[in-house]
1. Set Lys and Arg Cβ to +1 and Asp and Glu Cβ to -1, take the dipole of the stretch 168-237 about its Cα centre, and tell me which of 228, 179, 208 lies farthest positive.
2. Sort 441-447, 91-97 by packing, meaning the average of other beta carbons within 10 Å per residue, with the highest value first.
3. Taking the highest mean first, how do the peptides 116-124, 158-166, 221-229 order by number of other beta carbon atoms within 10 angstrom per residue?
4. If packing is taken as the average number of other Cβ atoms within 10 Å across a peptide's residues, how do 76-88, 98-110 rank, most packed first?
5. Compute, for residue 421, the solvent-accessible surface of its heavy atoms (probe 1.4 Å) with the complete set of protein chains present, and express it in square angstrom to the nearest 10.
6. Hey, which of these cross-link pairs are over 22 Å Cα-Cα: 296/400; 400/447; 371/493; 413/451; 239/264?
7. Hey, got the dipole for the stretch 141-222? About the Cα centre, +1 on K and R Cβ, -1 on D and E Cβ, debye to the nearest 20?
8. Could you give each residue of the stretch 472-487 its phi-based ³J(HN,Hα) in whole Hz, using Karplus coefficients 6.51, -1.76, 1.60 with θ = phi - 60°, and x for Gly or Pro?
Amino acid sequence: MRARRVGALLLLAVLALAVPAARAARLDLDDDDDSDVLDELLAIDEEAERGGLDAAGAGGGGAAEAVRRAQSMVLALDNDNARRAVEDHAELLLLGYAPWCERSAQLMPRFAEAAAALRAMGSAVAFAKLDGERYPKAAATVGVKGFPTVLLFVNGTEHAYHGLHTKDAIVTWVRKKTGVPVIRLQSKDSAEEFVKKDQTFVIGLFKNFEGADYKEFVKAATTDDEVQFVETSDTSVAKILFPGITSEENFVGLVKSEPEKFEKFDGEFEEKAILRFVELNKFPLITVFTELNSGKVYSSPIKLQVFTFSEAYDFEDLESMVEEVARAFKTKIMFIYVDTAEENLAKPFLTLYGLESEKKAYSFDTSNGAKYVMEADINAKNLREFCLSLLDGTLPPYHKSEPVPREKGLIEKVVGRTFDSSVLGSPENVFLEVYTPWCVDCDAISKNVEKLAKHFSGLDNLKFARIDASVNEHPKLKVNNYPALFLYPAEDKSNPIKLSKKSSVKDMAKLIKEKLQIADVETVLAAADNAPAADSVKDEL
């Protein structure tokens, strides 16, 4: 993992998560067939890492020329030739883009690099690009519905790409979809060149490339669309890729480009077990959350996820501690860093969890919506205990809540912390309004509820209350559409009566009268101390 400094706000989030027989086709990288264009593009990548290129990846004249040469391999489609291109090519990789789309601009040079790399490897895949804004008819014809879109057509069958927008990720995906799931390395030189790519990959050591174990390895390689699989039958070659190999027996391991680099597979040689091993171990100890990898993070089979939010410069003293805790919970809890300077990434989380700038750790479980908070200071001991409690299920759930209000008005303000006492534990019948500040219909409903509260203020066994659901939560208040109106009968708070938000004041008053068995509303109101207030809207009832 590249060194990142993260701040001291931790959020732990719990996120939830049959393949046909594989073809044994593979690419043998011992046959050198690199093109000059690919060499130049690789040099461009190295220069970009040193800061020598602009955002598009084409800085100086030589670099720009290399990208242009790579892009020249890509066919330009329009309304006249788009469908024909798909029909005429057994394998076609298509990029649908729009000139104004920033992500399209970022992907274009990476797409060209992938085209050059695949061409150098002898791939028969053709490459095309389509300006979907200029040629909407063609875009609709070939299935481009947004920008950017990457589609692979194999004998007319469409495969949509949802992986990372990098050259290596695109190349790996295309190669696997076109029948080359494994790279074969049989020389030390080819192995040394391969490890220079600094990518995550699976290494398999199999004598003679045969047997039941090997077949399961190839099946897993074909099923997995993201991680490159590599095979060799030479132990000396395997040791270059995975130095920890001590046996000449069948071996599978995962190699990552981070300090926690090598993971050995110890399970049964079965496709599902190998895939599970890769899924659980392919992420680094701390994953930097980005728009590109967000989908992969959410779909990870590791359900417990630790999110750390802060400015990048704040984590210098904390990073090593978090990594150490993460190491102890590998494959059980996933640790993720979100840079709060990236508002588009951090703000949705912070809003969802109601987080402030205080140092706390939170957990979220998408299976039941439960969240948890660590009130103690963030250090190795407390964080480790917190994680252990998450795993064994002994941590009490946390819900967003405003401070407990000091005063009670005609309509009682309920918050997350008082929902039990004010609503569920109240001896009274409770009419509850659930709203949010951004709800367009809530203001009108609130005014109607205020009218009802005035009319029924003479009843000792009826209370009106409201709760702002944007900043307050409770496990027994499940509302997805606002505003929402509920009547909690005193004798059965577990079965609230839901009222339609389209009900008029008169309709709501009638329902209250019926459910609470009020014989004569007017008599009750007249007897109340504040009867004059009720008279002002008597006609509505």
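1. 179
2. Packing proxy ranking, top to bottom: 91-97, 441-447.
3. Listed from highest to lowest mean packing, they are 221-229, 116-124, 158-166.
4. Most protected by this proxy first, the peptides run 98-110, 76-88.
5. Near enough 80 Å² of accessible area.
6. 296/400; 400/447; 371/493
7. In debye, rounded to 20, the stretch 141-222 gives about 160.
8. Values per residue, Gly and Pro as x: 9, 9, 7, x, 9, 10, 9, 10, 10, 10, 10, x, 10, 10, 10, 10 Hz.
The values are calculated or read from the model by the stated rules, or taken from the named source; none is laboratory data. Remember, predicted model here, so these are calculated numbers, not experimental data. A quick note on method: Cβ atoms are made from the backbone with ideal geometry, for glycine too, and the neighbour counts reach across all protein chains shown. Heads up: the accessible areas ignore ligands, DNA and RNA and are worked out on the full protein's heavy atoms, side chains in. Shrake-Rupley method; radii C 1.70, N 1.55, O 1.52, S 1.80 Å.
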